[in-house]
Amino acid sequence: MSAQEGRHAPRVVRHFMVRYRSPNQSTWASSPLKDFSRDGARLVCEQAFKPGETIELVLGLPIFLEPVRITAHVVWRKAVFAGSMQMSEHGISFVSLDPTVQQTITDAVQRFLKP
C-alpha cells in the first residue's frame, strides 16, 4: 500500500458482487468489487459516478447471514476497459456505518485475510 493511495486498512482482494445505485435512482444495478476493507472498496461498473457523489450498496458475503446495506461516498474515479466496454473504477469510502454493520465488515475482512 502506498501513501498516495490514502488507505488506512488492509484490503481483501476478492471479486464479490454488490448491488448499487444513486439515492435518486429507483433501480439497482450489480457489479463486482475489486477489493474491500473495513473503510471502503473499489467498485467497477458501467456507471460513471462523480467524486463526492453518494451511492448506496447492498453487500452480501458468504459469511454474512443477511446482506448489509451501506452508504458510501465516491472518492475517485477512473475509466477502464473490459473488452470493448468502457467501465469506471471507483474508490469508495463507507459513511457512518451502524456499529453492528461495521463490526460485521471488520470481522469479514479479518477472516478473508487469514492465511
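The values are calculated or read from the model by the stated rules, or taken from the named source; none is laboratory data. Everything quoted here is computed from the prediction, not taken from an experiment. Positions of Cβ are backbone-derived with ideal geometry, glycine not excepted, and every protein chain shown enters the neighbour counts.
Just for region 91-115: of the residues that are in a helix (DSSP H, G or I) and among the hydroxyl-bearing types (Ser, Thr, Tyr), which one is farthest from Arg42 (Cα to Cα)? Steps first, please.
We begin by selecting, within region 91-115, every residue in a helix (DSSP H, G or I); these are 99-113.
Checking which are among the hydroxyl-bearing types (Ser, Thr, Tyr) leaves us with 100, 104, 106.
Working: Thr100: 22, Thr104: 18, Thr106: 16 Å.
The qualifying residue farthest from Arg42 (Cα to Cα) is Thr100.
Would you call Ser88 in contact (Cβ under 8 Å) with a residue 40 or more places away in the chain, assigned to a strand (DSSP E or B) and either loosely packed, with under 14 Cβ neighbours inside 10 Å or on the phi < 0 side of the Ramachandran plot (or both)?
It is true that Ser88 is in contact (Cβ under 8 Å) with a residue 40 or more places away in the chain, assigned to a strand (DSSP E or B) and either loosely packed, with under 14 Cβ neighbours inside 10 Å or on the phi < 0 side of the Ramachandran plot (or both).
Considering only region 1-39, how many residues are modelled with pLDDT of 85 or more, aromatic (Phe, Trp, Tyr) and either assigned to a loop (DSSP other than H, G, I, E, B) or farther than 20 Å from Thr71 by Cβ (or both)?
Number of matching residues: 1.
So, in region 21-39, of the ones that are basic (Lys, Arg) and in contact (Cβ under 8 Å) with a residue 40 or more places away in the chain, which residue ends up surrounded by the fewest Cβ atoms within 10 Å (Cβ to Cβ)?
Across region 21-39, the extreme among qualifying residues is Lys34.
When region 40-62 is examined, which residues are found to be part of a loop (DSSP other than H, G, I, E, B), at pLDDT below 90 and surrounded by 18 or more Cβ atoms within 10 Å (Cβ to Cβ)?
Across region 40-62, the qualifying residue is only Leu61.
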